1. For segment 132-147, does any single residue satisfy the condition of being in contact with a Lys or Arg (Cβ under 8 Å, 6 or more places away or on another chain), farther than 30 Å from ALA104 by Cα and not polar (S, T, N, Q)?
2. For segment 53-96, which residues satisfy the criterion of being more than 18 Å from ALA126 (Cβ to Cβ) and hydroxyl-bearing (Ser, Thr, Tyr)?
3. Quick check on my filter: what residues within segment 216-266 are assigned to a strand (DSSP E or B), over 16 Å from GLU179 (Cβ atoms) and in contact with a helix residue (DSSP H, G or I) (Cβ under 7 Å, 6 or more places away or on another chain)?
4. Look through ASP72, ASP83, ASP57 and report the one residue that is more than 29 Å from the chain's Cα centre (by Cα) and acidic (Asp, Glu).
5. Considering each residue of segment 118-146, count those that are touching a residue at least 12 places away in the same chain (Cβ under 8 Å) and farther than 25 Å from ARG338 by Cβ, and give that number.
6. Considering only residues that are among the basic types (Lys, Arg) and not in a helix (DSSP H, G or I), look in segment 142-178 and name the one that is surrounded by the fewest Cβ atoms within 10 Å (Cβ to Cβ).
7. Given the conditions (1) out of contact with any Phe, Trp or Tyr (no Cβ under 7 Å at 6 or more places or on another chain); (2) modelled with pLDDT of 80 or more; (3) charged (D, E, K, R), which single one is not true for ASP386?
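The values are calculated or read from the model by the stated rules, or taken from the named source; none is laboratory data. The shown structure was predicted, so the numbers you read here are calculated from the model rather than taken from an experiment. Cβ placement follows ideal geometry from the backbone for every residue including glycine, while neighbour counts extend to all protein chains displayed.
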Amino acid sequence: MPRLFLSPELTFACEPALLRRLFEACGFPAKLDRRSRDALVIARMLWGAEASASLADAVADVQLFATSIARDVLLHAERDARDAGHFADGRADAALAAAGASVAAWMDRTPADLAMRLVIARAREAALEPLVERAKIHLERMLAPRIPFELAAHPAVIRADDATPDAIAAAVLAVARAEGPWSDAFVARDDDGVIAIAVLRASPADGGAEIDARGPRRVVRRAIAADVVRYFPVDARLSIATSRPLLAIAYANAIARVVSVDPEAFTRRPALTLKWLQNAGPTASRALTLPAPVTSVEIIALQLADGASRIEARGDDALTALAPAMRRGGYLTRGTFRFVVDGAARPVDAYVELPNRLSVSDARFEGAVRAALAAMGVFAPGAIADDIVTLAPWVHPEWRWRAVVGPSAFDAMVEAGLLVRIAPRTRARVADASQGKLGAGARAFALANARDRGKH
């Protein structure tokens, strides 16, 4: 049976009565206390709760539509659906009105409130399907507002004893508590053994002017922010979605202190690689054997870095389009893969950006997509060694050359003049081995202002 992982801040952003109406339309989740009106209690009960497939799909749609960008997309989709005649018989408008979501009032609704009301209306009236489908096609091809950080530890440094989900959640909560006046966390374990932790915390103070019937007024507020931390014990991997990137490192190190003998186990190495694509060549996707329920994959976007510039290709076969540039050297830094998955209404996209960003367009099929990415070698950085092609244009810090060719060979190449030292400012690359985990995306630049020099 599917499990719900409704982002907790949405429970606070919607009226409790709306959640009840959603459950009445799509089925109540298991073990839900229907009498509770406390948003925090409801959020805790819903995290990891078993539910029907129809409710799991509805909750996924609520999360997809509950953003300001999604509200704008819905407005365009409504206009297109109306122009195409899908609102002609009045049923779609009547269903929206019954749910308290008449189109004229959409800009007066918060994104979360509108998303909930739209999904309720769609569950009761099929005439809204063209509107929803148009919006979903657009949104599911956009990058997630918060691309999760993907972090990995070497399995050898993970302790053999299975850390309890509560212990991991407590470590994460301790980080959140240092961020503001209030925080909470709750944890669930899914059927694949993945530990999912929802962290509620106070976001940094924000302010501005609000307008109501009395006119504008100044406000200062700290909104509720929700982070999602998932630990994959079998693979020694973390996925962390947060609006504050610095927290990703803090969360990862807190978990490492619980599950590993190395307190920085998840932040010492890259988590992703695309080197297998360069080795396999243009026929890579056709030669793959993918685990069910994934049936096929297309590579629809790639970026190649050759040390001096970045080259991108987009289309149904981006790998073939980029092949001439790849033969000149460099390595792939990011890509988008489009999977066909049995049971999915539309293709599922995975965006991979080295060294540690991974986003899947449909959370309901993320497990299947992750298994496919593992079969493709994306989760095995270092398994394929660097070579003369991926090292092009052959300007690297000393530590990388030593790691690739070996210390003795490096010294011999320098002595023979095959490798020569260049001025540090010639290439703005990370020179210290401890920062190698950042990948080639990290750049260092001289500070132009004299007052800053030597201070940072």
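1. yes
2. THR67, SER68
3. If the condition is that a residue be assigned to a strand (DSSP E or B), over 16 Å from GLU179 (Cβ atoms) and in contact with a helix residue (DSSP H, G or I) (Cβ under 7 Å, 6 or more places away or on another chain), then TYR231, LEU238, SER260 are the ones that fit.
4. Details: ASP72 fails: more than 29 Å from the chain's Cα centre (by Cα); ASP57 fails: more than 29 Å from the chain's Cα centre (by Cα).
Among ASP72, ASP83, ASP57, only ASP83 is more than 29 Å from the chain's Cα centre (by Cα) and acidic (Asp, Glu).
5. To start, the set of residues in segment 118-146 that are touching a residue at least 12 places away in the same chain (Cβ under 8 Å) comprises 118-125, 127-128, 130-132, 134-146.
Among the residues that remain, those that are also farther than 25 Å from ARG338 by Cβ are: 118-125, 127-128.
So the answer is 10.
6. Step one: list which residues in segment 142-178 are among the basic types (Lys, Arg), which gives 146, 159, 177.
Cutting the leftovers down to not in a helix (DSSP H, G or I) gives us 146, 159.
Details: ARG146: 15, ARG159: 10.
Filtering segment 142-178 for residues that are among the basic types (Lys, Arg) and not in a helix (DSSP H, G or I), the one surrounded by the fewest Cβ atoms within 10 Å (Cβ to Cβ) comes out as ARG159.
7. Condition not satisfied by ASP386: (2).
A quick yes/no check of all residues on (1) more than 22 Å from the chain's Cα centre (by Cα); (2) in contact (Cβ under 8 Å) with a residue 24 or more places away in the chain:
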position	(1), (2)
ASN253	no, no
ALA256	no, yes
GLU264	no, no
GLY281	yes, yes
VAL294	no, yes
ILE311	yes, no
